[in-house]
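A quick write-up on the structure given underneath.
The values are calculated or read from the model by the stated rules, or taken from the named source; none is laboratory data. Computed from a predicted model, the values in this text were never measured in an experiment. All Cβ positions, glycine included, derive from the backbone under ideal geometry; neighbour counts span all protein chains shown. Areas reflect the complete protein model, heavy atoms only, side chains present, ligands, DNA and RNA absent. Shrake-Rupley method; radii C 1.70, N 1.55, O 1.52, S 1.80 Å.
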Amino acid sequence: MEPRESWAALAAGGVAGVCVDLILFPLDTVKTRLQSPQGFRKAGGFRGIYAGVPSTAIGSFPNAAAFFITYENVKSVLPHGSSSYLSPATHMVAASLGEVVACLIRVPSEVIKQRAQVSPSSSTLRILSHTLYHEGIQGLYRGYKSTVLREIPFSLVQFPLWESLKDLWSWKQGHVVDSWQTAVCGAFAGGFAAAVTTPLDVAKTRIMLAKAGSSNASGNVLAALGGIWRTQGLSGLFAGVVPRMAAISLGGFIFLGTYEKTRQLLL
């Protein structure tokens, strides 16, 4: 991969990440409060819908940039292309490695953001200080494993589906898809991936919001899923599925469309 292409992937990914995270932040807050153990109303309801936005604003660019520069570089060294039967596997491996790298930046931002979303009366800086004082740096990485375990299955579904839809649409019309068509493919792929990975998202939220010393604070994803199933059943595992699907479908449209357009402009 040429240095110019790497810089284009980094910049385009960062711009796309900032756009989608800030535009869809209210939907993300609603989803987090629906998934929180204290319930939607006690977590803040519709009050302070932008609580935690500074954490997202700071983390979005480097997080998305890290994902896409990893994704594009890994994809460039593995077999790919519409004629290769290994293409879906290439996209899966590239997306999975991209998520592992991006989560090193995403998780601290996500921990502070989600704690602010369910405590709208506390500032982002106060929550950061409280987390560092009581839990140290490891507190910022609470839920790293659960986030990776959510993001990898999500990417295994979303990115191969996105690439396949683009290839199919390109083949049908006889030329490469435009940016808006890329965005539509991203919306479908993101919405489907969001639906099937919602239980993992609920478990990740519970782990990040758990009080220090509690059973969920240990980060055991299977234990968290089991606890949710026993106390709330299927509805608990799919808490927040509608705003999650809506946010990620719209996010897929904005994120992947913006990424493709920005990358085209930079190359």
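Before moving on, here are some points about what is shown:
- Computed in the context of the full set of protein chains, the accessible area of the stretch 5-122 at 1.4 Å probe radius has 69% of its extent on carbon or sulfur.
- Nearby lysines by direct alpha-carbon distance to Lys204 (threshold 21 angstrom, same-chain neighbours under 8 apart not counted): Lys31, Lys42, Lys113, Lys145
- Structure-derived percent of Cα pairs over 33 Å apart: which label, when the choices are (1) 19; (2) 26; (3) 34: (1)
- Averaging Cα coordinates gives a centre for the stretch 87-124 and one for the stretch 162-237; these two points are 12 Å apart.
- Whole-number accessible area per residue in Å² for the chain, which is evaluated in the context of all protein chains at 1.4 Å: 46
- Chymotrypsin sites (Phe, Trp or Tyr not before Pro) restricted to DSSP loop in the stretch 34-127 with at most 14 other C-beta within 10 Å: Phe46, Tyr50, Tyr85
- Here is the list for the stretch 3-50: trypsin sites (Lys or Arg not before Pro) lying in DSSP coil, each with at most 13 other C-beta atoms within 10 angstrom of its C-beta, are Arg41, Lys42, Arg47.
- The local environment of Val15, defined by Cβ-Cβ distances under 15 Å, has a net charge of -1 under the rule Lys, Arg +1 and Asp, Glu -1.
- Net charge, Asp28 excluded, C-beta distance under 12 Å - Lys, Arg +1, Asp, Glu -1: +1
- Under 25 Å from the Cα of Lys172 - lysines, other chains or at least 8 residues apart: Lys75, Lys261
- Note on Ile23 and Ser121: their simple-model spin labels are 3.5 nm apart, each label 7 Å out from Cα toward Cβ.
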